[in-house]
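Structure, as structure tokens:
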Amino acid sequence: MKNFTRIVLLLCICLLYIACQPKESAENAGGEPQVTPAAGQSAVKDDVSAKDVVKIAVGSKDHTTLVAALKAAELVDVLSNAGPFTVFAPTNAAFDKLPKGTVETLLKPENKGKLSTILQHHVTVAVYKPEMLKNGKVLGMVDGSKAKISIKDGSIYIDDAKILASVVASNGIIHVIDACVLPPEKK
């Protein structure tokens, strides 16, 4: 019986030793090390909690152009973070109002900086519910410039874009708008 116990103990020690050995990596196998890019906040799988501003946009058939632009500008993870954000989200029809070829040009990798600036002009770091958007209010946008709120015929506008609807998100609020809000030209 003592021999059996010793054999089992020896076997357990051997298995523990083998299990604790480092796995062979591509670098150890003579190849280049494989680096897996870290996934950001947007990669977190959560079907239980309230949706953030990005997940709401992704789920909207009216915001496919905006989602494509956010991906091209690499802003998806930023807007998936805790916020709080107020996002003025142009519809696909709003993007269609831009001069022909504008969206396609902005989505090119070489225009990522300009696209990012334009998209950042649609975001402010705070939560502004519709009742807080008063006539004449000026908002500081993420791009560093300002946008003005106005009330016309009972409707709320940011610059010249009309707010069509508002959706509360887990990390802020989205105001759906009927036009793109372009930042002022830098002098």
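The values are calculated or read from the model by the stated rules, or taken from the named source; none is laboratory data. This structure is a prediction, so every number in the text was calculated from the model and none was measured. Ideal geometry is used to build each Cβ from the backbone, glycine not excepted, and the neighbour counts take in all protein chains shown.
Filtering segment 143-187 to residues that are part of a loop (DSSP other than H, G, I, E, B), free of Cβ contacts under 8 Å to residues at least 40 places away in the same chain and surrounded by fewer than 18 Cβ atoms within 10 Å (Cβ to Cβ) leaves Gly144, Ser145, Asp153, Gly154, Asp160, Pro184, Glu185, Lys186, Lys187. Among the residues of segment 91-102, is any more than 23 Å from Ala50 (Cβ to Cβ), crowded, with 16+ Cβ neighbours inside 10 Å and in contact with a strand residue (DSSP E or B) (Cβ under 8 Å, 6 or more places away or on another chain)? Within segment 91-102 (the criterion being more than 23 Å from Ala50 (Cβ to Cβ), crowded, with 16+ Cβ neighbours inside 10 Å and in contact with a strand residue (DSSP E or B) (Cβ under 8 Å, 6 or more places away or on another chain)), the answer is yes, since at least one residue qualifies. For segment 59-68, a residue qualifies if it is touching a Ser or Thr at 6+ places or on another chain (Cβ under 9 Å) and assigned to a helix (DSSP H, G or I), and the qualifying residues are Asp62, His63, Thr65, Leu66, Val67.
Restricting attention to segment 69-79 and to residues that are outside any loop (DSSP other than H, G, I, E, B) and buried (at least 21 other Cβ atoms within 10 Å of the Cβ), the residue that is nearest to the chain's Cα centre (by Cα) turns out to be Leu79.
This table checks each residue for (1) at pLDDT 90 or above; (2) polar (S, T, N, Q); (3) within 25 Å of Lys55 (Cβ to Cβ); (4) under 21 Å from the mean Cα position of the chain (by Cα).
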site	(1), (2), (3), (4)
Gly113	yes, no, no, yes
Leu119	yes, no, yes, yes
Lys129	yes, no, yes, yes
Met141	yes, no, yes, yes
Lys152	yes, no, no, no
Ser155	yes, yes, no, no
Ala165	yes, no, yes, yes
Ala169	yes, no, yes, yes
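Against the criterion of being closer than 21 Å to Val168 by Cβ and touching a residue at least 12 places away in the same chain (Cβ under 8 Å), Ala93 does not qualify.
For (1) modelled with pLDDT of 90 or more; (2) farther than 30 Å from Pro130 by Cα, each residue gets a yes or a no:
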site: Ile7; (1), (2): no, yes
site: Leu15; (1), (2): no, yes
site: Glu27; (1), (2): no, yes
site: Asp62; (1), (2): yes, no
site: Val78; (1), (2): no, no
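With respect to the conditions (1) in contact with a Lys or Arg (Cβ under 6 Å, 6 or more places away or on another chain); (2) buried (at least 18 other Cβ atoms within 10 Å of the Cβ), Leu133 falls short on a single one, namely (1).
Working only within segment 82-113, note down all residues that are assigned to a helix (DSSP H, G or I) and under 20 Å from Ile177 (Cα atoms). Those that are assigned to a helix (DSSP H, G or I) and under 20 Å from Ile177 (Cα atoms): Asn92, Ala93, Ala94, Phe95, Asp96, Thr102, Val103, Leu106. Do we find that Lys114 is surrounded by fewer than 18 Cβ atoms within 10 Å (Cβ to Cβ) and touching a helix residue (DSSP H, G or I) at 6+ places or on another chain (Cβ under 8 Å) in this structure? Yes: the conditions hold for Lys114.
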